[in-house]
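In what follows, a single structure is set out as structure tokens and then discussed.
What follows draws every value from the coordinates through simple rules; no lab data is involved. Computed from a predicted model, the values in this text were never measured in an experiment. Neighbour counts are summed over all protein chains in view; Cβ atoms, including those assigned to glycine, are modelled from backbone coordinates with ideal geometry.
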Amino acid sequence: MRSGAKVAVVGGVFVVVAGGVGYGGYNLWNGVMGGETSPRSNSAQAPRTGPVTDEEVTTAARDFLAAWAAGEPEKAGQLTNDPVAAGPAVAAYHDGARVSEAVITPGTPTGTTVPFTVKAVITYENVSKPWSYTSRLTVVRGQTTGRALVKWAPSVLHPKLLTAGATLRTGVAKTAPVKAVDRDGTELTAAKYPSLRPVLDTLRQRYGAKAGGESGVETWIDSGSESVPDSPLLVLSKGKPGTLRTTIDAGVQAAAEKAVKGYGSASVAAIEPSTGAVLAVANSPATEFNVAFQGAQAPGSTMKIVTAAMMMQNGLATPDTKVECPSTVLSRGTTFQNLKKFSISDGTLTAAFRRSCNTAFIKAISKLSDKGIADTALGDTARDSFGIGQVWQVGVTASDGSVPESAGSETPASYIGQGKITMSALNVASLSATVKNGGFLQPYLVARELDDREFATAEPLSREVARGLRTMMTAAATAPDGTALRAMSGLASPKGAKTGSAEVDEQETSNSWFTGYSGDLAAAAVVQEGGHGGDSAGTVVAKVLAAG
């Protein structure tokens, strides 16, 4: 072994050190294996079968990490189950990230998974800086050779390398850093507001050049896609950040972060109805994927806001019209029922709305079928009155929502927010904001003047429809039998809300949805497997609305 690389056991832990000019080109196999069987002779043995043993896990992990640390991409690749992808990726790690030294320390295996710590030095031109992180690998048995091999995934090299096209890069940053501030000038950082990390990354990528900053030298994850923001990892020399004002309200954002933190998987978004400005977005867990903006899930009975609007716009009912609410209804060959099969005798559309009667809204199909629009009316209302399905240019990546034309039993399911309908928390928050405002204003996070992007538009709600929807949402939030009463109690008027629970295949418990407004603030939340909408999701929304 040449000078510049060391292989040793330190305190019972295998450590590989590859340093300086010697990084790459070493044959570390004998030094690493201590004279054990080489890959060539190993391949001559009869292929082994069955689960990998503890010894195989330790050896496979050790050998792969040694080859990686020594800068031997081909050898490292051959120690995985996908050498075609792994070899170039290991080479790109060294060349793209400018790693000049690496110490890789395996931890204690758990089954077939081996955690490890990387302590490296990044060098670009005359600037060097230490860099450390943790990752993990899994050992599997090769399907053809029977050898114990590292199961290849880009995340083995770094946990944020989540796609095949993503790579590590070090150099002059592609965009200047930005100092994002809230609507009042308070600085927004990922350290203080973890849910904003993907938002801030996207804002930098899209608007860094427009904010007036100067680029520094950094190490980052290059996503390889214009639609996915790059992720900064290490700053070698600071650039000069430009200031970028957002619509976020730091106080509401802090409340949103705290509200979702109590749940394993939850998202919330808040909007100012009078302007469309996004005041908060939060997710638990706070990951690189912004579920509150980009999620695409069935919204459950929060969709009844749109269904009720559709019924009023097509002359089927007003808030005071008597409607049938039986415990069950057969529609297009499928039986639908209310929660615990409750029914309402001699009730109005408002009563059906505030108690979230599924059957009353599904029964609208028969009258719309007579008009020949049962399969399309809901999507038309969603698009033309609520902006759902149009292109929303929020300033960062966001889902537009989808209410497609339906057929068969999908139509009655869609009337209660199931079927093929998908929305995000931002989309559902916009439903409440539209009702409160009397018309749709596309949500946005940065001013449209910054890049002259086109906003989605919709026809204002008629005075009668807007008033009717507010009447029903207020009843749900204030009536003794309203499903949103408990969550909305104590919040300032004017206020209104709608609960929802969405059934998901292979989930025993439904997703909890809730949307509402209080004053000039609207919000929506979804809690995965949270049950009834008035419970977990309602608690999240109430805490956010209270902060406004």
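Need the full-extension length gain, S402 to V127, defined as separation in residues times 0.36 nm minus the C-alpha distance. One decimal, nm.
Gain in length upon complete extension: 94.1 nm.
Magnitude of the Cβ-charge dipole of segment 245-384, K/R +1 and D/E -1, about the Cα centre, nearest 20 debye?
Using Cβ point charges on Lys, Arg, Asp and Glu, segment 245-384 gives about 420 debye.
Along the positive direction of the dipole of the chain (beta-carbon charges: Lys, Arg +1; Asp, Glu -1; about the Cα centre), which of T376, I344, A398 reaches farthest?
Result: I344, furthest along the dipole toward the positive end.
How far apart, in nanometres, would the label points at T108 and I373 be if each is projected 7 angstrom from Cα along the Cα-to-Cβ direction?
6.7 nm
For helix 463-478, report the angle its Cα long axis makes with the longest principal axis of the Cα atoms of the chain; keep it between 0 and 90° and round to the nearest 10°.
70 degrees
If you average 1/r over every pair of different alpha-carbon atoms in the chain and take one over that average, what Kirkwood value in Å do you get?
So the Kirkwood estimate lands at 26.0 Å.
Taking the Cβ-Cβ separation of D481 and E503 as r and a Förster radius of 25 Å, what is the calculated FRET efficiency to the nearest 0.05?
Once the sixth-power term is evaluated, E becomes 0.60.
If eta is 0.890 mPa s and T is 25 °C, what Stokes-Einstein diffusion coefficient results for segment 408-548, Kirkwood Rh from Cα pairs, in µm²/s?
For these conditions, the coefficient is 155 µm²/s.
Place a +1 charge on the Cβ of each Lys and Arg in segment 172-246 and a -1 charge on the Cβ of each Asp and Glu, then give the dipole magnitude about the Cα centre in debye, rounded to the nearest 20.
Roughly 200 debye for segment 172-246.
Starting with the highest mean, order 471-479, 511-519, 456-464, 281-289 by the number of other Cβ atoms within 10 Å, averaged over the residues of each peptide.
Going by the mean number of other Cβ atoms within 10 Å, highest first, we get 511-519, 471-479, 281-289, 456-464.
Return the sequence-ordered ³J(HN,Hα) values of segment 90-101 in whole Hz as given by the Karplus equation 6.51 cos²θ - 1.76 cosθ + 1.60 applied to θ = phi - 60°, using x for Gly and Pro.
Listing the rounded values in order: 5, 5, 5, 4, 5, 6, x, 7, 6, 7, 9, 9 Hz.
Could you tally the net charge around D249, taking each other residue with its Cβ under 10 Å from the Cβ of D249, Lys/Arg +1 and Asp/Glu -1?
Computed value for this residue: -2.
What translational diffusion coefficient, in µm²/s and rounded to a whole number, does the Stokes-Einstein relation yield for segment 251-547 at 37 °C and a viscosity of 0.692 mPa s, taking the hydrodynamic radius as the Kirkwood radius over Cα pairs?
178 µm²/s
Choose one of G315, C325, P285: the residue whose Cα lies farthest towards the positive end of the charge dipole of segment 233-331 (beta-carbon charges +1 Lys, Arg; -1 Asp, Glu; about the Cα centre).
Farthest towards the positive end: P285.
Could you give the angle, 0 to 90 degrees to the nearest 10, between helix 536-547's Cα long axis and the longest principal axis of the Cα atoms of the chain?
For 536-547 against the chain, the angle is about 80 degrees.
Can you give the net charge of the other residues whose Cβ lies under 15 Å from the Cβ of T134, counting K and R as +1 and D and E as -1?
Summing Lys and Arg as +1 and Asp and Glu as -1 gives +3.
Please give the net charge around V540, taking every other residue with its beta carbon less than 13 angstrom from that of V540, where Lys and Arg add +1 and Asp and Glu add -1.
+1
Give me the percent relative contact order of segment 134-173, please, defined on Cα pairs under 8 angstrom at least 6 residues apart.
This gives 31 percent for segment 134-173.
First measure r as the distance between the Cβ atoms of S343 and K192, then evaluate 1/(1 + (r/R0)^6) with R0 = 56 Å and state the FRET efficiency to the nearest 0.05.
Rounded to the nearest 0.05, the efficiency is 0.65.
Note the angle between two axes, namely the Cα long axis of helix 54-69 and the longest principal axis of the Cα atoms of the chain, as a number of degrees from 0 to 90, rounded to the nearest 10.
Helix 54-69 sits roughly 80 degrees off the main axis of the chain.
Over what distance in Å are the Cα centres of segment 502-526 and segment 284-316 separated?
8 Å
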